[in-house]
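Q: Can you read through this structure? Questions will come right after.
Nothing in this text is a laboratory measurement; each read-out follows from the coordinates by a stated rule. Being a predicted model, the structure only gives us computed values, none of them experimental. Every residue, glycine as well, gets a Cβ built from its backbone with ideal geometry; the counts of neighbours run over all protein chains shown.
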Amino acid sequence: MDSDVSSLIKELNEKETRILEEIYKAGGEIMLRDIWRVMGIKSKAGMPFINKLEKRGLLTKENIGSGKRVMYKVKLTELGLAVAKELVETGSLMKVLTYDLLTKIPCFYCPYIDVCGTTDEITPEKCEYLNKWIYEMIKERSEQ
């Protein structure tokens, strides 16, 4: 990952991240009213985030309305596209890794889960299944 992209991602708040992801998922450009609808916020609350993203050079805002009807379309810049792509790919990967990790925790399949921790004999600290799983996780990470 490019250092500019990485540093920009660290500066983004949750709403800015979501806006970039939604524009990316829409193909790189979207009507501003559609962002508000998807995110469930009003334009007055969301415009400061759009303006900050525009100042950072991540998107451009274009007025495509006429007369009294003001309508904006927002489009990711090249840098915005790189940042949004990284956000979407990283988010997808984390969901897969988290799901994979959670489905392998032995506690979910343990026949003693109902009594675990209620006696001195069956505890997470003494559990051979849990200890083996933790050992395997550590071993996998050290090999990477």
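Q: Here are some residues: Ile35, Ile9, Ile23. Which one is surrounded by 14 or more Cβ atoms within 10 Å (Cβ to Cβ), among the aliphatic types (A, V, I, L, M) and under 11 Å from Val83 (Cα atoms)?
A: Numbers: Ile35 fails: under 11 Å from Val83 (Cα atoms); Ile23 fails: under 11 Å from Val83 (Cα atoms).
Criteria check complete, one pass: Ile9.
Q: Further question: Could you check region 22-37 and list, in sequence order, the residues that are free of Cβ contacts under 8 Å to residues at least 40 places away in the same chain and either in a helix (DSSP H, G or I) or of a type in the set (D, E, K, R) (or both)? Quick ask: steps written out before the conclusion?
A: Taking region 22-37 first, the residues free of Cβ contacts under 8 Å to residues at least 40 places away in the same chain are 22, 26-27, 33-37.
Answer for region 22-37, where residues must be free of Cβ contacts under 8 Å to residues at least 40 places away in the same chain and either in a helix (DSSP H, G or I) or of a type in the set (D, E, K, R) (or both): Glu22, Arg33, Asp34, Ile35, Trp36, Arg37.
Q: Hey, can you tell me all the residues within region 42-72 that are exposed (fewer than 11 other Cβ atoms within 10 Å of the Cβ) and either within 17 Å of Ile19 (Cα to Cα) or touching a residue at least 12 places away in the same chain (Cβ under 8 Å) (or both)?
A: Lys42, Lys44, Lys55
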